[in-house]
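The values are calculated or read from the model by the stated rules, or taken from the named source; none is laboratory data. Worth saying up front: this structure is predicted, and the values here are computed from it rather than measured. Reconstructed Cβ throughout: ideal geometry from the backbone, glycine too, with neighbour counts over all protein chains shown. What goes into the accessible areas is simple: the full protein's heavy atoms, side chains included, and nothing from ligands, DNA or RNA. Shrake-Rupley method; radii C 1.70, N 1.55, O 1.52, S 1.80 Å.
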Amino acid sequence: MPVSRTIQFLCALALVFVPATALLAQAPAVELDPRLPTATARILRSALESRDALVTGEDTTIERGALHLGSIVQIGGRLLIEGRVTDDVVAVGSEVTLRPGAEIGGDLTVLGGMLNGSTMAQVRGRQTWLREEPVRVDRTDPDRIYVAYEARPAGFPIEPKGIWGIVVHEYNGVDGLAFGLAAGLKDLPGQPRTELAFGPVFRSERGDVGWDVVALREIPPAGITIGGRVHSITDTHQRWQRGDLANSFLSVVLADDDRTYFERTGYELWGERSFVRWPVTVRLRWRDDEYGSLESVEPFALFDGSGDEGDRPNDGEPPELDEDGWPVNPPIDEGRGRALGLRAAFDSRNVPEYPTRGILVSAQVDQWGFGGDYDFQWGLGDARLWVPLGGRSYAAVRAMGGGLLGDGELPSQFLWRLGGAGSLAGYDALIEPLVGEQMALANVRAHLALPGSAGMFETLYVVALADVGDAWSEGEDPEWRASVGGGLAAHGRLRYVGLFGAYGIEDETWKAVFVLSPWFDVP
């Protein structure tokens with residue numbers, strides 16, 4: 001062989017083998033505690049001895065559309081799979097997340113740690129999650145990982161929830177502080193996701209006690225989850241517009257409660273089917289509830305809103321305020337309702353807790369009747385899109401519409417009540433012109449990331465917002481209202497916080513908007 005061709009051949013070999021050698025050189029040495037159970041040690045040794053295994057203790061991501069040839073051994077850290085892994089995945093003391101559309105060609109074995117989203121991904125082999133496996137991952141040296149034995153007491157199968165068994169639900173104008181004592185089922189070793197939580201719910205200003213019991217069971221091979229709930233709770237039809245945390249904070253400080261409330265006592269049963277080929281879930285639900293009206297109780301607020309009523313220039317009656325400035329909670333159409341509902345959703349968001357790209361599209365239909373006091377059909381369509389704009393910048397877009405379908409009369413507790421930060425930011429919530437049986441709405445939130453970070457915040461944003469929508473009833477025509485505005489937001493360890501100004505174009509007024517959760521974060 002001529003010298004020049006020999007040199008070319010050796011260079012080609014170098015290009016092939018050097019990256020592989022570099023990858024092997026980066027793999028940390030893994031030591032196993034001799035006290036580990038035999039079965040656990042056998043699983044780990046077999047995985048580590050695989051010739052094509054990627055062994056890592058760092059956070060690992062297999063992105064959507066990416067293909068990883070071979071197996072993965074994740075020890076500690078986080079493993080996020082959106083794309084495809086051709087062979088086995090073994091994780092020890094790790095947080096494993098499988099996104100919709102993820103595919104594992106072999107077995108998935110998780111020892112301890114966490115496993116999220118498994119029913120919406122495809123695992124061709126066996127799926128095993130040994131939640132209570134006695135392992136702990138120690139890494140004091142970048143090149144060395146020690147998998148230690150950590151015995152865990154069996155203990156009682158029920159454990160307290162929240163903080164020492166105390167769960168704070170919310171603060172509002174009909175309950176004051178709603179909190180509960182809650183306990184639940186511990187994670188069961190080697191079992192699919194199983195949850196049971198129960199406890200009383202105390203309402204500080206009402207002097208009574210409700211209850212809430214929730215249970216679910218995941219059946220991974222079939223992609224099915226079943227669940228149920230028995231409850232006597234305070235509920236609202238406006239939770240999708242403003243999160244519990246923001247509504248509670250503004251209620252305590254300014255008596256600014258953007259919701260109407262009712263009491264709901266009864267039960268519900270549901271089953272959900274997830275599909276592995278597409279990020280789609282379908283849920284069928286049965287509800288049987290007794291609905292009752294609730295009166296305002298005028299709880300404590302740092303600053304009352306008694307002067308606000310005359311300051312609201314909206315083209316319609318503002319919400320009635322009591323003498324302490326709290327919106328007066330309206331009565332509802334009391335009675336018993338039974339409903340059969342169907343919901344389908346397509347979800348390709350990259351991180352559901354804080355998406356910056358992806359799509360969430362859902363459609364829901366509820367048929368009320370079946371011998372109860374209500375007889376109507378209700379539907380909702382909702383499309384949300386997150387678009388990356390480069391770096392950490394992104395835009396969030398939402399379009400939704402729904403309400404009464406066909407004949408029937410919509411009970412007042414199901415009326416759409418727009419306005420406020422979650423729907424039309426430039427208008428007050430609960431005003432009469434924005435109440436109706438039908439609703440259509442569109443929103444845009446563009447986030448431009450600023451360079452650098454500030455303390456507890458990972459990213460600072462300049463935000464631009466735009467809204468258009470209306471609510472109306474039979475015999476009325478939509479009178480579209482629009483708002484525009486902007487402000488600053490931050491995301492980090494405190495999740496999301498933002499302060500904005502929004503201008504209601506039809507009313508020619510500015511509103512201050514305070515947000516404590518990501519836009520459009522409620523499914």
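Before moving on, here are some points about what is shown:
- By definition, a body whose alpha carbon gyration tensor gives a ≥ b ≥ c is oblate when a/c is 1.5 or more and a/b is not larger than b/c, and the range 71-171 fits this oblate description.
- Ellipticity at 222 nm from helices only: DSSP H runs of n ≥ 4 in the chain, each -39500 (n - 2.57), divided by the residue count, give -3000 deg cm²/dmol.
- In terms of overall dimensions, the chain has a Cα radius of gyration and Dmax of 26.9, 98 angstrom.
- Taking only the C-alpha atoms of the range 36-114, Rg followed by Dmax gives 11.7, 37 Å.
- Nearest-10 value in Å² for the accessible area of T459, using the 1.4 Å probe: 10
- Long-range HN-HN contacts of W129 with modeled amide H, under 5 Å: V110
- The residues E295, E133, sorted by heavy-atom accessible surface at 1.4 Å with ligands and nucleic acids left out, run E295, E133 from largest to smallest.
- Contact order normalised by residue count of the chain, Cα under 8 Å, 6+ apart, percent: 8
- log10 of Debye I(q)/I(0), alpha-carbon scatterers only, for the range 348-429 at 0.14 Å⁻¹: -0.67
- Note that the range 426-523 shows a convex hull volume over its alpha carbon atoms of 99 Å³ per residue.
- With R₀ fixed at 56 Å, the C-beta to C-beta distance from E476 to F275 puts the FRET efficiency at about 0.90.
- Per residue, the accessible area of the range 412-523 comes to 41 Å² when a 1.4 Å probe rolls over the protein heavy atoms.
- For the range 390-443: rounded, prolate or oblate by the Cα gyration tensor [a/c cutoff 1.5]: oblate
- Where F457, F346 fall by accessible area, highest first, once all protein chains stay in place (1.4 Å): F346, F457
- Among the protein heavy atoms, those of D521 account for about 50 Å² of accessible surface (1.4 Å probe, every chain in place).
- Phi to ³J(HN,Hα) by Karplus 6.51 cos²θ - 1.76 cosθ + 1.60 over the range 76-82, Hz, x for Gly, Pro: x, x, 10, 10, 10, 10, 10
- Amide H within-cut-off set for Q238, under 5 Å, with H built and near neighbours excluded: T260
- 3J(HN,Hα) from dihedral phi, the range 338-343, Karplus parametrisation 6.51/-1.76/1.60, rounded to Hz, x for glycine, proline: 10, 9, 10, x, 10, 9
- Sequence-distant contacts, meaning Cα pairs under 8 Å at least 6 residues apart, place the relative contact order of the range 50-103 at 33 percent.
- Amide H to amide H, with H built 1.01 Å from N, D333 comes under 5 Å of S412, Q413, counting only residues 5 or more places away or on other chains.
- Heavy-atom accessible area, probed at 1.4 angstrom with all protein chains present, ranks K511, K161 as K161, K511, highest first.
- Computed with every protein chain present, the accessible area of Y171 is close to 30 Å² [probe 1.4 Å].
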